[in-house]
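What follows is a single structure, written as structure tokens, with notes after it.
The values are calculated or read from the model by the stated rules, or taken from the named source; none is laboratory data. These numbers come from a predicted model, not from an experiment. Backbone-built Cβ (ideal geometry, glycine too); neighbour counts: all protein chains shown.
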Amino acid sequence: MKKSNPKKDKKQPRIDGIDITSDNLSNRGGMVLFARYLEKSGILNFLIGYFAVLRFRKTGIRINSFLKQILCFFAEGTRRHLTYFDELKQDSGYSSIMETHPDQMASSHAIKRLVRKVSFLRTLSLRLALQRLFIHQLNVTQPKVVILGIDTMVMNNDDAKHREGSKPTYKKVKGFQPLQMYWNHRIIDAVFRGGDKHSNHSDTTEKMIAHMVKKIRKTYRKDVPIIIEMDSGFFDQKIFSLCESLHVGYNCGGKSYKDIKDYVRYLPDSKWSRYNSREKEYWEYAEFIDQRNTWKEERRAIYSRYVSEQSGQMVLDEARRDTIIYTNLGNDEVLTEQLRNANLLKLQEASEIVHSYHQRAIDELTNRSLKEFGSEILPFDRFESNTFWYYMMVLSFFVFQNFRDDIASVVVGENVYPNTLRRRLFDIAAKITCHSGKIVLKVTRQTWRQLEFSKLWHLIEIKPQVTI
């Protein structure tokens with residue numbers, strides 16, 4: 001039997017007891033980067049303007065503290081219940097990270113009072129704030145073409161009781177179904193609605209398109225080509241006619257009616273082309289002109305069917321994922337000229353249209369990111385209060401995406417999900433010290449080197465202000 005070495009055992013570090021430290025510590029040291037980003041980028045001051053009319057007691061919590069804590073609450077994401085504000089209020093390390101005096105830390109009851117104080121019209125102004133942040137991003141990135149997506153997102157509140165407006169959705173759960181517009185992994189406009197409102201309910205989609213197109217051309221560039229991607233839930237002649245009158249491109253999924261299937265079934269092989277999506281997988285597509293019975297005009301249509309070559313066998317007709325895409329690309333002279341000036345005429349080619357329509361899955365990933373960032377379950381009973389909370393969540397998500405692209409991408413990479421960024425950048429140990437009138441945040445040498453902390457801090461300091 002092997003004998004133990006007492007000298008070796010003495011070298012092993014062992015904890016002999018536990019005690020309390022008076023040091024100011026935090027396990028979310030990286031949140032200081034996001035909190036500082038809110039101020040340095042000017043986003044916090046920009047949002048305060050939408051709440052300036054609210055009256056607060058001079059001795060109470062200031063509106064900038066409220067907004068900063070709500071934005072950081074969503075960004076930090078440890079818990080989604082309002083009672084989590086009570087825990088954060090008692091955490092001196094967290095208030096130091098937020099650069100907020102402990103007296104200005106909000107409790108859950110203070111948040112509820114704030115929500116009750118905000119009127120419905122003031123809540124809807126947050127939609128305008130979201131749009132203006134989008135326009136700012138356009139002016140910063142200067143894209144040659146603006147490709148937008150429109151879709152709905154089901155928010156499952158089936159387990160939550162007494163939610164005003166929570167209605168059965170097409171996914172067979174009770175909840176909400178807001179209409180959302182997407183651009184570059186961001187939600188840039190939204191209409192919060194009950195769960196029983198289908199995709200193309202009323203004229204909401206038409207108003208959203210008309211409003212956003214006008215805003216883009218007025219505040220960004222009047223000659224920029226705009227293309228909108230939609231699924232078959234928005235297959236409506238009214239939407240097509242609106243886009244055509246505005247000279248806006250659209251790629252919209254259609255419905256595979258029997259006459260269309262009969263037509264493509266007898267098309268000769270020479271009419272079919274091939275688009276490769278990945279190895280041993282491709283799409284066959286055929287182009288034709290179609291006019292539904294109630295339509296006043298003919299429109300360009302592209303029928304595509306999925307094919308997979310494995311073991312030398314093709315997919316049976318019954319198992320194919322057939323889609324039909326309606327578009328006005330190539331049929332609008334004004335839009336064609338805009339694409340020609342941007343050297344993007346290839347976007348009118350049938351293969352590019354099929355590829356672009358398949359990229360709509362990015363919008364679904366954006367919905368997934370938003371749900372991971374915030375929560376599907378909304379905390380209030382009143383529809384008006386949940387509307388405010390939803391728009392604050394979407395605004396926070398937009399700011400979070402900007403922070404990821406502007407600052408955090410240096411460390412965590414691009415297009416990562418919220419929890420990946422949180423775990424790698426926010427959840428780090430930090431110590432806050434005060435010496436000679438200066439407050440200093442300290443991290444370990446490994447964290448300093450691995451996360452390039454000094455570089456991230458410098459990027460935030462030189463971040464240009466939001467000017468809208």
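When you scan the range 349-361, do you find a residue that is in a helix (DSSP H, G or I), within 12 Å of the chain's Cα centre (by Cα) and touching a residue at least 24 places away in the same chain (Cβ under 8 Å), even just one?
Checked against the condition, which is being in a helix (DSSP H, G or I), within 12 Å of the chain's Cα centre (by Cα) and touching a residue at least 24 places away in the same chain (Cβ under 8 Å), the range 349-361 yields no hits at all.
The rows are residues; the columns are (1) buried (at least 20 other Cβ atoms within 10 Å of the Cβ); (2) of a type in the set (A, V, I, L, M, F, W, C); (3) farther than 27 Å from R292 by Cβ.
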site	(1), (2), (3)
K167	no, no, yes
G195	yes, no, yes
H198	no, no, no
T205	yes, no, no
A210	no, yes, no
G253	no, no, no
Y263	no, no, no
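Within the group E364, E376, E372, E414, which residue is in contact with a strand residue (DSSP E or B) (Cβ under 7 Å, 6 or more places away or on another chain) and either assigned to a loop (DSSP other than H, G, I, E, B) or of a type outside the set (F, W, Y) (or both)?
After ruling out the rest, the residue left standing is E376.
Is at least one residue of the range 400-411 in the same structural domain as E452 (by TED's automatic domain parsing), within 16 Å of G77 (Cα to Cα) and part of a loop (DSSP other than H, G, I, E, B)?
No - not one qualifying residue is present in the range 400-411.
Provide a single number: the residues in the range 239-260 that are free of Cβ contacts under 8 Å to residues at least 40 places away in the same chain and charged (D, E, K, R).
Of the residues in the range 239-260, 2 are free of Cβ contacts under 8 Å to residues at least 40 places away in the same chain and charged (D, E, K, R).
If you go through the range 111-126, how many residues are assigned to a helix (DSSP H, G or I) and surrounded by fewer than 18 Cβ atoms within 10 Å (Cβ to Cβ)?
Adding up the residues that qualify gives 9.
Going through the range 216-231 one residue at a time, which ones are basic (K, R), crowded, with 16+ Cβ neighbours inside 10 Å and out of contact with any Asp or Glu (no Cβ under 9 Å at 6 or more places or on another chain)?
Listed by number, the list holds a single entry, R221.
Tally the residues that are among the small types (G, A, S) and either within 16 Å of I48 (Cβ to Cβ) or in contact with an Asp or Glu (Cβ under 7 Å, 6 or more places away or on another chain) (or both), restricting the search to the range 91-137.
So the answer is 5.
Just to be sure I understand, how many residues within the range 1-49 are at pLDDT 85 or above and among the hydroxyl-bearing types (S, T, Y)?
3
Taking the range 281-325, which residues are surrounded by 11 or more Cβ atoms within 10 Å (Cβ to Cβ), modelled with pLDDT of 80 or more and not in a strand (DSSP E or B)?
Q291, R292, W295, E297, E298, D322
Just to check your reading of the model, which residue among V399, V466, V394 is within 27 Å of G49 (Cα to Cα), touching a Pro at 6+ places or on another chain (Cβ under 9 Å) and either at pLDDT 90 or above or surrounded by 15 or more Cβ atoms within 10 Å (Cβ to Cβ) (or both)?
V394
Residues in the range 246-265: is at least one assigned to a loop (DSSP other than H, G, I, E, B), outside the structural domain of E414 (by TED's automatic domain parsing) and touching a Pro at 6+ places or on another chain (Cβ under 8 Å)?
No.
State all residues of the range 87-107 that are buried (at least 17 other Cβ atoms within 10 Å of the Cβ), outside any loop (DSSP other than H, G, I, E, B) and of a type outside the set (K, R); if no residue qualifies, say none.
L88, G93, Y94, S95, S96, I97, Q104, listed by residue number.
Each row is one residue, and each column tells you yes or no for (1) in contact (Cβ under 8 Å) with a residue 60 or more places away in the chain; (2) of a type in the set (K, R); (3) out of contact with any His (no Cβ under 9 Å at 6 or more places or on another chain); (4) not assigned by TED's automatic domain parsing to the domain that holds I70.
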{"site": "Y391", "(1), (2), (3), (4)": "yes, no, yes, no"}
{"site": "F398", "(1), (2), (3), (4)": "yes, no, yes, no"}
{"site": "L421", "(1), (2), (3), (4)": "no, no, yes, no"}
{"site": "R424", "(1), (2), (3), (4)": "no, yes, yes, no"}
{"site": "S436", "(1), (2), (3), (4)": "no, no, yes, no"}
{"site": "Q450", "(1), (2), (3), (4)": "no, no, yes, no"}
{"site": "K455", "(1), (2), (3), (4)": "no, yes, yes, no"}
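Which members of the range 145-163 meet the condition of being within 27 Å of A361 (Cα to Cα) and out of contact with any Pro (no Cβ under 8 Å at 6 or more places or on another chain)?
Listed by number, the residues that qualify are I147, L148, G149, I150, D151, V154, N156, N157, D158.
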